[in-house]
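**Student:** Got a structure here, written out as structure tokens. Questions coming.
What follows draws every value from the coordinates through simple rules; no lab data is involved. Quantities reported herein were computed from a predicted structural model and do not represent experimental measurements. FYI the Cβ positions are ideal-geometry reconstructions off the backbone, even for glycines, and counts take in every protein chain you see.
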Amino acid sequence: MALAAPGQLNTTESPAWGSRSVDCFEKLEQIGEGTYGQVYMAREIRTGEIVALKRIRMDNEREGFPITAIREIKILKKLHHENVIKLKEIVTSPDGNKYKGGIYMVFEYMDHDLTGLADRPGMRFSVAQIKCYMRQLLTGLHYCHVNQVLHRDIKGSNLLIDNEGNLKLADFGLARSFSNDHNGNLTNRVITLWYRPPELLLGTTKYGPAVDMWSVGCIFAELLHGKPIFPGKDEASQPEQLSKIFELCGAPDENNWPGVSKIPWYNNFKPTRPIKRRLRDVFRHFDRNALELLEKMLTLDPSQRISAKDALDAEYFWIDPLPCDPKSLPKYESSHEFQTKKKRQQQRQQDEAAKRQKIQHQQQQQHSRLPPPMQQQMRPGPPAVPPMHGGGQPQLVAAGGGGPGHHYGKPRGGPSAGSSRYPQGGGNPSAGYNHHPNRGGGGGPYPPPPQGYGRGGAGGGGGTSGYGVGPPNYSQGGGGRGGAMGGNRGQQYNNNNTWQ
């Protein structure tokens, strides 16, 4: 297929799409998994090119081809930009072959997603690196919005990065075209909960590019702060999610958001007390220009929220340190959220086994220090013999013959949750796949101004893929990390849901 120039739309279709078999590829390694299928790193046998192979699951589809896959294919076939993932072709597999039948989307391979990269132990993003990633994110999103495409699931695991430092928007399964008048009725059950804007949480069905810009603001704050700023629990906790937003950004009313009272669920969820905007106070350690840009991205009124185009012109990107050249960034070992989750699970299992072994060793040491008579008591004895009919006496057993006395051994501890991905009490914290489960962790005051963004240690995780294989992207429940970008994140609110 003849591709359009970068930044232009593809208007021609390739007759070859769907004509090749998946047997043209050799599967190398699984890099993503979710409700909708799996993603593999694969090699094209003829050329040796490395690609990402995403299988579209058809098992549970009663009405034919999944609508999300149809939208994703349709949108990605027409988009052509250096900051948007490239869909190379569609391949099929006949029933009975080693891939068990199905339809596959073939994407260009990217080495990381932002979540997986940030989850790497000791990872630290410099200010220039954060600016580099943010500029590429805004550039790709501006291209989508100019071509009237809403992404509707911006989050760290859907931002893919290669070892040349290039960032690309991925997973367009929830994307769709929009009209400039914003009069169409669109679903508000989109965008992962932690990155969902207040207008969707309040039930609006008429919206535009501003919903994506709120998500970008959440990503931006997360990169600077080192952990998510609105870590909700699940879809059932929408009031709590709104409460977190209001505690930081203030309560909406007709003065700061004209027309908000007409949004469907406003009267159900509006705060019962006045709440002042505290974003500048909470993040006062941010760079002044970064804080100014963040304020504009996290504006409650979507009509006043900054656009991607205007954000690219913000002073933040034009002062030292300037955004670095992507090619100057370090090269890292492949880091996808699915892979980092598996490593964290393996580490937790090893930690639990080591803890059990340590407890057993301590119990053995305590037993060996007891006097010989006590050791005799601690040894298991033969089972008690019931009274004999002939009047014989039952055999006596030593006291405690059932095993070591419970007062000699320490109680077993629960499974280790792994160390937090972020430093406790301050310091600097340390790619694109789907669903981020809820993150737990200890609370505490906000850390001092970070010089970069780093994350260390292991955390829980949710394994999915930015090529778009996770469960419905508006679901954010579950345990373990998983999010900015993922991992065990420190809770940012106290028990009264107020900012520390």
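**Student:** With r as the distance between the Cβ atoms of Lys86 and Ala128 and R0 = 22 Å, compute the FRET efficiency 1/(1 + (r/R0)^6) and round to 0.05.
**Tutor:** That pair, Ala128 with Lys86, gives E of 0.25.
**Student:** In addition: Can you give me the distance in nm between label points at Lys309 and Asp23, each placed 7 Å from the Cα along the Cα-to-Cβ direction?
**Tutor:** So the label points at Lys309 and Asp23 sit 5.1 nm apart.
**Student:** Still on this structure, I have one more. Working out 0.36 nm times the residue gap between Arg189 and Ser261, then minus their Cα-Cα distance, what length gain in nm do you get to one decimal?
**Tutor:** 23.9 nm
**Student:** Which cross-chain or sequence-distant (5 or more) residues have an amide H under 5 Å from the amide H of Lys88, H modelled 1.01 Å from N in plane?
**Tutor:** The answer is Val106, Phe107, Glu108.
**Student:** Next question, about the same structure. How long is the gain from Thr47 to His367 if the chain were fully straight, where each residue apart is worth 0.36 nm and the alpha carbon distance is subtracted?
**Tutor:** Fully extending the segment from Thr47 to His367 adds 108.6 nm.
**Student:** Hand me the GluC sites (Glu not before Pro) from segment 222-321 located in a DSSP loop with no more than 12 other Cβ atoms within 10 Å, in residue order please.
**Tutor:** Sites meeting the loop and neighbour criteria: Glu254.
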